[in-house]
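The values are calculated or read from the model by the stated rules, or taken from the named source; none is laboratory data. As the structure is a computational prediction, the values presented were derived from the model and not from experiment. Cβ coordinates were reconstructed from backbone atoms using ideal geometry, including for glycine residues, and neighbour counts include every protein chain displayed. Keep in mind that these areas ignore ligands, DNA and RNA; they rest on the heavy atoms of the full protein, side chains included. Shrake-Rupley method; radii C 1.70, N 1.55, O 1.52, S 1.80 Å.
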Amino acid sequence: MRQGTPAGPCDRPLPRRRFLHRYLAIAAMLAAATLASRTATAHVGSPDTFFAGSAGPWVVRVTVRPPGVVPGLAGIAVRVEGRGEAEAAPVRRVTVRPMRTDTGARGAPAPDVAVPVPGQPGLYSGSLWLMSRGAYTIEVVVEGSAVTGRVLVPVEAVATRQLPMGRALAFLVGAFAVLLVSGGLAIVYAAVRESTLRPGEAPSPGLRRRAIRATWTAALVFGALILGESRWSARVAGAAGRDLYRPYHVQADVRRDGSGGRMLRLSIDDPRWRGKDWHALVPDHGKIMHLFAMREPALDAFAHLHPVAVSERAFETPLPPLPAGAYSIFADVTDETGFAETLVCRAEIPAALPGPGASGSLPSEGQAGADPDDSWRVAPPLPPVVRSPARADLGAGYTMQWEGATGEGAPVAGRERPLTFSVADAAGASAALEPYMGMRAHAAVLRDDGSVFVHLHPMGTVSMASLDASRKMDAASSVPDAHAGMHGGAGAGAEKADGRIVLPYSFPTSGPYRIWVQVRTGGEIRTGVFDVMVR
């Protein structure tokens with residue numbers, strides 16, 4: 001990354017070029033050290049946080065675009081939609097405020113006002129400084145003339161890179177450095193040579209020699225200071241680089257149990273696990289881990305499983321009858337501070353042993369395993385030329401329709417367009433959706449090369465465990481202020497009573513994606529598979 005400027009003992013004044021190089025190195029390393037921080041992040045290749053919920057009588061969709069460095073500015077977009085009494089009550093203003101989940105409102109700054117976006121009714125934008133690594137809660141307050149609503153959006157402050165110093169800024173810093181050092185040496189020379197003389201008296205040759213010696217001494221002192229600062233800054237920058245976010249290293253193995261079934265074991269063999277920055281895991285949607293497995297490269301086999309902890313570092317789950325092959329593994333976990341992280345690895349799954357009365361063919365979908373919410377689906381492979389199908393067969397006569405998959409509403413990279421699906425029963429009527437781990441639907445989105453993975457539900461990308469941590473923080477640290485008495489809950493008004501599902505999301509990059517949308521209806525977990533080429 002960056003290197004310090006080695007130098008030997010200084011026995012003469014350093015020329016200005018070397019002063020410039022030293023100060024440039026110091027400034028660059030200090031900038032890198034200041035802007036670098038280590039945190040954890042959920043999902044893969046999709047850093048933005050999406051949230052949908054109710055703020056009093058309003059339905060709000062919040063998008064948080066976190067900075068790549070910490071401290072850094074996070075972009076906030078809030079879309080407000082009225083319903084009921086809010087339809088006739090215009091929004092007076094929208095404010096946003098970052099709160100550290102471990103300190104709450106007492107340590108938070110004053111709220112910032114989000115600015116209405118011209119030409120976009122109901123859309124407000126703002127930016128917030130995230131000053132340190134860790135779990136944050138973004139407080140969004142919608143104020144009307146007679147009613148006020150409020151939601152809490154958990155996010156993680158993530159630093160994944162060090163910012164280089166631009167050439168213009170480096171030149172400016174170097175010029176100031178040369179000016180300061182040159183001025184300091186001139187002051188030393190003038191002070192020794194002339195400070196003791198009477199007005200109009202000329203300095204003697206002895207004073208001139210003494211002033212020259214003092215200037216050389218000052219140059220040596222300045223050089224030693226610059227060298228020391230350079231080496232110190234190099235150490236700080238190196239430590240900051242090592243502390244940038246790196247996901248925990250995990251390993252997946254498959255073994256056969258006593259009955260011939262296949263057990264998937266996920267082992268966290270990273271030395272940082274249970275280290276000084278480690279916190280105990282907490283259940284999310286009632287599960288300690290949500291594991292998604294997709295067969296490479298066709299993405300034709302999918303499983304959503306829930307391993308249980310068998311030791312401090314290992315988790316296990318029985319495998320459903322998935323076909324053999326290489327699988328990408330994505331495991332979502334959340335710790336007690338509200339940090340959500342996705343563990344990533346690969347696994348080679350062997351073929352299942354045929355059981356008594358087996359027909360030799362695998363089922364295409366089902367539920368099995370130690371957890372009743374485990375499910376899987378085998379579908380046709382991702383085609384070479386992706387065309388967005390509008391409908392998926394869910395079995396037993398059920399179908400799922402993707403509304404807006406093609407035409408003007410088709411997904412565009414970087415543009416927030418909610419993914420809307422509707423489920424119909426065999427008679428073509430809107431299906432009654434049953435709760436599936438506390439949600440009306442869960443979805444997994446994967447780019448064909450594995451560079452993007454995200455776990456979605458109607459509330460967005462936030463985990464319920466992170467939201468619970470935000471609510472606990474809010475209850476413990478709330479103080480009487482202008483926002484006292486506000487109401488509103490996460491997702492209370494964002495979902496409908498029919499078979500329609502809305503998932504707030506924005507694809508981060510263009511390219512081919514496969515989406516698995518899971519619902520529970522008729523007592524069964526059913527998975528719709530959709531392919532899309534994001535423009």
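A few notes on this one:
- Cβ-Cβ under 9 Å pairs, at least 6 apart or on other chains, region 371-395 side of a type in the set (Lys, Arg), far side open to solvent by 20 Å² or more (accessible area, probe 1.4 Å) and at pLDDT 90 or above: Arg377/Arg526; Arg377/Val529; Arg387/Met533; Arg391/Thr399; Arg391/Gln401
- Filter pass, Ala110 being part of a loop (DSSP other than H, G, I, E, B), farther than 22 Å from Thr334 by Cα and touching a residue at least 24 places away in the same chain (Cβ under 8 Å): no
- Single unsatisfied condition, Thr101 versus (1) touching a strand residue (DSSP E or B) at 6+ places or on another chain (Cβ under 7 Å); (2) free of Cβ contacts under 8 Å to residues at least 24 places away in the same chain: (2)
- Residue match in region 292-300 (condition: free of Cβ contacts under 8 Å to residues at least 40 places away in the same chain and in a loop (DSSP other than H, G, I, E, B)): no
- Residues satisfying the stated conditions in region 447-470, i.e. modelled with pLDDT of 80 or more and more than 23 Å from Val502 (Cβ to Cβ): Asp448, Asp449, Gly450, Ser451
- Looking only at region 225-253, and only at residues there that are open to solvent by 40 Å² or more (accessible area, probe 1.4 Å) and touching a strand residue (DSSP E or B) at 6+ places or on another chain (Cβ under 8 Å), the one that is modelled with the lowest pLDDT: Pro247
- Residue match in region 373-381 (condition: modelled with pLDDT of 80 or more, surrounded by fewer than 20 Cβ atoms within 10 Å (Cβ to Cβ) and assigned to a strand (DSSP E or B)): no
- Inter-residue pairs, beta-carbon under 7 Å, first under 19 Å from Leu180 (Cα atoms) and in region 199-223, second at pLDDT below 85, 6+ apart: Trp216/Pro13; Ala219/Pro13; Ala219/Leu14; Leu220/Cys10; Gly223/Cys10; Gly223/Leu14
- Looking at Pro203, Pro247, just one residue is part of a loop (DSSP other than H, G, I, E, B) and within 30 Å of Val70 (Cβ to Cβ), and that residue is Pro247.
- Matching residues in region 434-457 - criterion: being buried (at least 22 other Cβ atoms within 10 Å of the Cβ) and out of contact with any His (no Cβ under 9 Å at 6 or more places or on another chain): Leu446, Arg447
- Residues in region 316-332 that are within 24 Å of the chain's Cα centre (by Cα) and open to solvent by 10 Å² or more (accessible area, probe 1.4 Å): Ser328, Asp332.
- Within region 418-433, the set of residues being open to solvent by 10 Å² or more (accessible area, probe 1.4 Å) and not in a loop (DSSP other than H, G, I, E, B) comprises Thr420, Ser422, Ala424, Ser430.
- Test: residue in region 181-200 that is over 22 Å from Arg471 (Cβ atoms), aromatic (Phe, Trp, Tyr) and surrounded by 12 or more Cβ atoms within 10 Å (Cβ to Cβ): yes
- Per-region count, region 103-152, residues open to solvent by less than 70 Å² (accessible area, probe 1.4 Å), within 12 Å of Ala77 (Cα to Cα) and not β-branched (Val, Ile, Thr): 8
- In the set (1) at pLDDT below 90; (2) of a type in the set (Val, Ile, Thr); (3) open to solvent by less than 30 Å² (accessible area, probe 1.4 Å), the condition left unmet by Val173 is number (3).
Each row is one residue, and each column tells you yes or no for (1) open to solvent by 50 Å² or more (accessible area, probe 1.4 Å); (2) farther than 28 Å from Asp468 by Cβ.
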site: Gly260; (1), (2): no, yes
site: Leu266; (1), (2): no, no
site: Asp269; (1), (2): yes, yes
site: Arg272; (1), (2): no, no
site: His279; (1), (2): yes, no
site: Ala293; (1), (2): no, no
site: Asp300; (1), (2): no, yes
site: Ala303; (1), (2): no, no
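- Thr215 touching a helix residue (DSSP H, G or I) at 6+ places or on another chain (Cβ under 9 Å) and either under 17 Å from Asp332 (Cα atoms) or not in a helix (DSSP H, G or I) (or both): no
- Note on region 76-90: among residues that are modelled with pLDDT under 90 and part of a strand (DSSP E or B), the one that is most open to solvent (accessible area, probe 1.4 Å) is Glu81.
- One residue from Ile226, Ile187 being more than 47 Å from the chain's Cα centre (by Cα), outside any loop (DSSP other than H, G, I, E, B) and not charged (D, E, K, R): Ile187
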